[in-house]
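The values are calculated or read from the model by the stated rules, or taken from the named source; none is laboratory data. On a predicted model such as this, the values are computed, not experimentally measured, just so you know. Counting neighbours? That spans all protein chains shown, and the Cβs are built from the backbone with ideal geometry, glycine included.
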């Protein structure tokens, strides 16, 4: 697979485009690509364009595009991940791998036991960081549609914001105290909302809040998983049972 770069400008066939500053640096300085090398560009609409590098400057890389083609590598399982915010690399790892596993949307939430507290400019910068991480994961894994990372918000606000959508989908709460696992569930015909807690898990009040909103508690075996792997294990199992694995 040729190196892939995201450029959200509405790409057109047989045109010349300039890569973003970050993509240009990655192409020229990290991947050491040269003039004539093949690349693939996508703009998030589901279409990807083959292209060739025609110019590399100190701060600019230009690409000549060929015809575009509509390529879907999206999972048939539409999963919204509502993830309790964890600290540092743990959250980054969860989001990156969730993209590789086909997540459709990511909603970071503050829980009572969340270690990280984000407000104001710091919250905005962290969301931008997470969104860029999601873009990079799409570049790596071949997806042509970029999942949205919703601004971080309290768990109660996130659940309330979905409203009637929760009633129309399958709502799952990762809960090591639950009595049933995924095997007990039928294949969903609509969207899936997956709720995972932060370090330390969720409080009893948070579990009750989720259950009142329609979330069904499920367990992932007899072992308690870490926050950075719990949602990923659940998504992998769902893709195997109901998706495209």
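Residue 188 fulfils the conditions (1) under 16 Å from residue 110 (Cα atoms); (2) at pLDDT below 95; (3) surrounded by fewer than 20 Cβ atoms within 10 Å (Cβ to Cβ) except for a single criterion, (1).
Screening residue 245 with (1) surrounded by 13 or more Cβ atoms within 10 Å (Cβ to Cβ); (2) in a loop (DSSP other than H, G, I, E, B); (3) in contact (Cβ under 8 Å) with a residue 12 or more places away in the chain gives one miss only, at (3). Of note, residue 69 satisfies the criterion of being under 24 Å from the mean Cα position of the chain (by Cα), free of Cβ contacts under 8 Å to residues at least 24 places away in the same chain and under 25 Å from residue 245 (Cβ atoms). Of all residues in region 98-122, those satisfying the criterion of being surrounded by fewer than 17 Cβ atoms within 10 Å (Cβ to Cβ) and either closer than 12 Å to residue 198 by Cβ or more than 8 Å from the chain's Cα centre (by Cα) (or both) are 112, 113, 115, 117, 119, 120, 121, 122.
Could you look through region 9-41, keep only residues that are farther than 15 Å from residue 56 by Cβ and in contact with a strand residue (DSSP E or B) (Cβ under 9 Å, 6 or more places away or on another chain), and pick out the one that is surrounded by the most Cβ atoms within 10 Å (Cβ to Cβ)? Across region 9-41, the extreme among qualifying residues is 41. The test for being farther than 24 Å from residue 90 by Cα and touching a strand residue (DSSP E or B) at 6+ places or on another chain (Cβ under 8 Å) holds for residue 214.
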